[in-house]
């Protein structure tokens, strides 16, 4: 077996299960989970109907590239959503459907890193805290992770000026996540412009995970995407830049496993070659359901409205007892805990039967700090009444330990 498998850390939810093992919460309180970022809002009925109506298509092999109709719908959505130049996203060469962003981010990392080009271990720069796939994919590609702190002093966003020239010279891939998981922070356009300039100077690829881009709290200010910044720079070939999008959060379809990668056509076409061997093509019923989802915006507007109501209610309660960055996008809260985050998690579960995710499970310690320590991630994915009840219990718990 690949010896790098031994270097992987347990997944956050494995560690959480172990942390909670042997704790028996009060049985008169129903369990409320705020730990897993799995949307609980209803999946759109019209998508489910398409999925059922096209079920006979499972008798046919799908192509790795996906149907032309799916790629065209995705291209149209990208151009509209991110105000791209009409026709600048060619469905034949700039877009590739994938089976969810998790699968695609992992496999794209394997396909891009190349030790032979440098004669030394490839290096991937990733935010810290982060989505653990960034780290795991890097390790399994026999590459090195360079952590870029996104703590409170950085306003929970990567500070690219903190990276030295010798690190940029070794970098082959920069992982971005905006809106951020777990912080919800947005990378500003000027910072994206900076890393594009750095990518040209030092010859690396920018992979922007934008799977939370359609969950934002100000309907008039959607998050800016990497391709949008490319457009503003006149970079219509999207050189060195790729983005990942998914229907999981946007359309409450995490089990559909449907998303796409888009951007630099040279990178996309090489990735298509990799995926042809990898064997991760999307089934035809899923493709047809995805077409329906990407074509419709009404359900995403309604979805954001539900999240907005929950954030307003929950933050008005928790703002009185916990300190957290003002949420702008994603469905997470990232509060500072008055005690150690592991202790906070276990005591909250033991006393109130509410589960959150310790911040240090989503980050790594560096020489300076662990930016996840003494924070927890709360995913406001449950129905509004459950989220409100969880907030009240958390407030009661915090009051008991102060």
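The values are calculated or read from the model by the stated rules, or taken from the named source; none is laboratory data. The structure displayed is predicted, hence computed values, not measured ones. A quick note on method: Cβ atoms are made from the backbone with ideal geometry, for glycine too, and the neighbour counts reach across all protein chains shown.
See the values below:
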quantity	calculated
Residue check for residue 213: out of contact with any helix residue (DSSP H, G or I) (no Cβ under 6 Å at 6 or more places or on another chain) and either buried (at least 19 other Cβ atoms within 10 Å of the Cβ) or at pLDDT below 95 (or both)	yes
Hey, residue 255 surrounded by fewer than 19 Cβ atoms within 10 Å (Cβ to Cβ) and under 20 Å from the mean Cα position of the chain (by Cα) or not	yes
Residue match in the range 283-300 (condition: closer than 30 Å to residue 356 by Cα and not in a helix (DSSP H, G or I))	no
Among the residues listed as 391, 382, the single one being in contact (Cβ under 8 Å) with a residue 40 or more places away in the chain, outside the structural domain of residue 250 (by TED's automatic domain parsing), outside any helix (DSSP H, G or I) and closer than 30 Å to residue 42 by Cβ	382
Qualifying helices (runs of 4 or more DSSP H) (wholly inside the range 1-81; at least 3 residues being at pLDDT 95 or above and over 26 Å from the mean Cα position of the chain (by Cα))	45-53
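To keep it simple, each residue is scored yes or no on (1) loosely packed, with under 14 Cβ neighbours inside 10 Å; (2) within 26 Å of residue 376 (Cα to Cα); (3) in the same structural domain as residue 133 (by TED's automatic domain parsing).
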residue	(1), (2), (3)
8	yes, yes, no
35	no, yes, no
53	yes, no, no
68	yes, no, yes
86	yes, no, yes
